[in-house]
1. Which net charge results when you count Lys and Arg as +1 and Asp and Glu as -1 among the other residues whose beta-carbon is under 14 Å from that of residue 87?
2. Along each of the three principal axes of the Cα atoms of segment 14-311, give the extent in whole Å, ordering the values from largest to smallest.
3. Summarise the accessible area of segment 14-311 (1.4 Å probe, protein heavy atoms) by the percent that is carbon and sulfur.
4. Can you tell me the alpha carbon radius of gyration of segment 85-129 divided by the globular rule-of-thumb value 2.2 N^0.38 Å?
5. When the expected Rg is taken as 2.2 N^0.38 Å, what fraction or multiple of it is the alpha-carbon Rg of segment 64-105?
6. Quick check: the distance between the Cα centres of segment 12-88 and segment 106-176, to the nearest angstrom?
7. Taking loop as defined by DSSP and a crowding limit of 12 other beta carbons within 10 Å, which chymotrypsin sites (Phe, Trp or Tyr not before Pro) in segment 96-201 fit?
8. State in Å² the accessible area per residue of segment 14-311; use a 1.4 Å probe, count heavy atoms of protein chains only, and round to the nearest integer.
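The values are calculated or read from the model by the stated rules, or taken from the named source; none is laboratory data. All figures in this text were calculated on a predicted structure; none of them were measured in a lab. So basically every Cβ, Gly included, is an ideal-geometry build from the backbone, and we count neighbours across all protein chains shown. In case anyone asks, the SASA skips ligands and DNA or RNA and just uses the protein heavy atoms, side chains included. Shrake-Rupley method; radii C 1.70, N 1.55, O 1.52, S 1.80 Å.
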Amino acid sequence: MGNITGTCHDNETIDFFYNNSGKAINTQWKKRDVLIVTLGLIVCFIVIFSNFLVVAAIFKNRRFHFPIYYLLGNMALADLFAGFAYLHMMFHTGPWTIKLSPNQWFTRQGLINTSLTASVLNLLFVAVERHQTIFNVQLHSSMSTRRVFIVMVLIWLVAIIMGLVPQMGWNCTCHLSECSTMAPLYHRSFLIFWAVLNLMTFSIMVAVYTRIFLYVRHKGRQMSQHTSTTRQRETMMNLMKTVSMILGCFVVCWTPALVVLLLDGLNCDRSLVLGPEKYCLVLAECNSFVNPIIYCFRDQDMRRTFKEILCCNWSQRHKNRGFSEVKFHTVEQENGKSRIPKAKERSNGAPLIRASSEDIPASLIN
């Protein structure tokens, strides 16, 4: 990305780049601007509140002090950060945009890139963990606390790098002909890279959840042929429903925004980009408050902890009530528990799922 023209415009104002890209900045508030900002603020507060409840519940209740819940908590933290990033954007958009300096504009966009990247990566690692739990470890999660914290650190490192890359040089301040329409200081190649990267992540998630869905459906049919236990069939059906919800919500919330980013990066017609732009971003943001509903609000222990938090009942420590209804143990904790039988295996060595609620994470069963 060398400087072809030999001239950079780092000291220009925001309206210079917007005029260059053909994206107008409204100097007065219009009904559309008010609608978008109002809708965005409502979504922001819902995202912040719901994900704060999840983080607080995991911190408060020692039943959730296990690796899988740490990963879910990190996803909630990423979505909480996304809520604050969008809240910051809502107060720096519309007619307020023209008052921003280039560095402030990069900060605004970088916060969004960081938060959304962290949220997507957390969704990916949760999907991988679900896959490993169902296919490899039948009774409990095999992910150690150390491993899950390493994963969490890596997620945030990648997310922060993605947020800083445009400001550190992958922008169009020296290449005005390559400026994006939707993000007038971003280089089109960066938008293509970011959109393709997220679409690849999306494809991996589709593949992972599709395999889980097919495997669970297959096991459900086998169980229905060899047993009449209602609980077994209900467990499998609930898992399939939850997997479908996760996959469906991700597709609905993210596909429009990614398509718009690709169209902009490929220098398509401005009307195809600017028309649905803000609505697609708000829809993508909605995925941040859908995640807590799917993964945590369906857990009975999590709901009970939410009620205690909302009622300011922080004194209850659950000292005598044991662990969560569905227990999660690390490999180290499992060593020495000889009373737990090993998972049965097929002739080809692949483990079979046991028809028990302990085989599947709580957020997928309830």
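1. -1
2. The principal-axis extents, from largest down, are 69, 42, 38 Å.
3. 68 percent
4. 1.48
5. Dividing the Cα Rg of segment 64-105 by 2.2 N^0.38 Å gives 1.74.
6. What the calculation gives is 16 Å, centre to centre.
7. Qualifying residues, ordered by number: none.
8. That works out to 43 Å² for each residue.
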